[in-house]
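Below is one structure, written out as structure tokens; comments come after it.
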Amino acid sequence: MIRALRNPRFWIGILVSIIALVVVARGVDRDEVAEAFRDANYWMLIPAITLAVVSLVTRGYRWRALFHPLRPPVGELFGIMMIGYTVTAVLPLRLGDFARIYLLSRLKGYRTLQVAATIIVERLLDVSTVIVIMACLIPFVPLPYEARVGMGIGLAAVTLIGLAIGISWVRRDAIRRVLARRSNATGGRIWARVEDFSGAAIDGFSVLGSLRATGSAGLLSLLTWLCGGLTMWAMLRAFDLPSSLSAALFILTMSALSMVIPSSPGFVGVYHAVLVEALVTVYDAPRGPAVSFAILTHLVMFLPPVILGVGYLVKEHQIWDALLRWGQSDPKAAPTESSPGSLID
């Protein structure tokens, strides 16, 4: 934690969050915000929270699909995923993915790069789904020019990364032969480690070898983001804001894009500013209810995984102990030992 406080990116994120909070507070009538909270339909929290939890469950099943042909217990993957989200919400530098990689490799016997590869594919699926949603919204939402440009850049980047992963999987045997020849010719430890790490990374992309597993992961991504959109719809209805399905999906994509911007732990400030400005600018919503909506929606989206993550830590003491050891070392350092890419029961 102390090492993280010395990282310039942490302080840049804090500064960006402070600026975002100033933007949110600018020109806001506090009485209007309080009135929006008083008049909100809190019954809509029931479907909103339910759908938010369902989206987390579908994410757990999608992560399991990405481990094909292995079938790790979805409950363990779900618990570790919630711990990762909890770490991202409360610690700087968005270390949640590193925590997931560490815990699975240290406690469950996976190769570090194999787990990292599944998370890379997971992120690509999320970005691709967001871009597809934005593309479908073009006829229904007056997207700003900047959003169209950003969507084009994002689509190009995802396409290039996806092609690189696809080529590495199709040519995996040739890549392994080349690395093996280089390792045997040099007899050096560096090339041997490169061969080992490359093999583990390629194994992490093994889901691409199954059309059924790939299709399942894609459908689960769509279901995850649809649940997120319906959560936004329920929250918009709670504050009597524009609540068409297109509006809910647009606000959802904006919330996803807000997480790309450097910010403090839990995306505080930036998340709120993006949602408020999207509602005010695109839908001409009153600023007071928009601010109230952003505050409560942030809690609905971020509290459930934190509560579930803490609950899993309380239940699984060995994971809590491992997480403490990880926090005392370099959080971004990979475990020194690597083991076969299979689950140790």
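Fewest neighbouring Cβ atoms within 10 Å first, the residues Asp284, Asp97 line up as Asp284, Asp97.
To the nearest 20 debye, what is the magnitude of the charge dipole of region 31-326 about its Cα centre, counting +1 on the Cβ of each Lys and Arg and -1 on the Cβ of each Asp and Glu? Kindly include the intermediate steps, with their values, before the conclusion.
Working: 25 positive and 18 negative charges, 344 e Å.
Around 1660 debye, computed over region 31-326.
Average 1/r across all pairs of distinct alpha carbons in region 31-326, invert it, and you get the Kirkwood radius: 20.7 Å.
What ranking of Phe293, Phe98 emerges when the number of other C-beta atoms within 10 Å of each C-beta is taken as an exposure proxy, fewest first?
Working: Phe293 26, Phe98 21.
Ascending number of Cβ neighbours within 10 Å: Phe98, Phe293.
Karplus-derived 3J(HN,Hα) values for region 12-25, using 6.51 cos²θ - 1.76 cosθ + 1.60 with θ = phi - 60°, are 4, x, 4, 4, 4, 5, 5, 4, 4, 5, 5, 4, 5, 6 Hz; glycine and proline are entered as x.
Amide H to amide H, with H built 1.01 Å from N, Glu316 comes under 5 Å of no residue 5 or more places away or on another chain.
Here the label points at Glu32 and Val53, each 7 Å from Cα along the C-beta direction, are separated by 3.5 nm in the simple model. Computed from backbone phi with θ = phi - 60° and the Karplus coefficients 6.51, -1.76 and 1.60, the 3J(HN,Hα) list for region 299-304 is 5, 5, 7, 9, 6, x Hz; x is used for glycine and proline. Between Asp173 and Leu160, the modelled labels are 3.1 nm apart [label points 7 Å from Cα along Cα→Cβ]. Remark on Val268: its backbone amide H falls under 5 Å from none of the residues 5 or more positions apart or on other chains, H modelled at 1.01 Å from N.
Per-residue 3J(HN,Hα) values for region 233-239, derived from phi via the Karplus relation 6.51 cos²θ - 1.76 cosθ + 1.60 with θ = phi - 60°, read 4, 5, 5, 5, 5, 4, 9 Hz in sequence order (x marks Gly and Pro).
Read-outs throughout are calculated quantities, based only on the coordinates presented, and are distinct from any laboratory measurement. Predicted model only: the values in this text are computed from it and were never measured. Neighbour counts run over all protein chains shown; Cβ positions are idealised from the backbone, glycine included.
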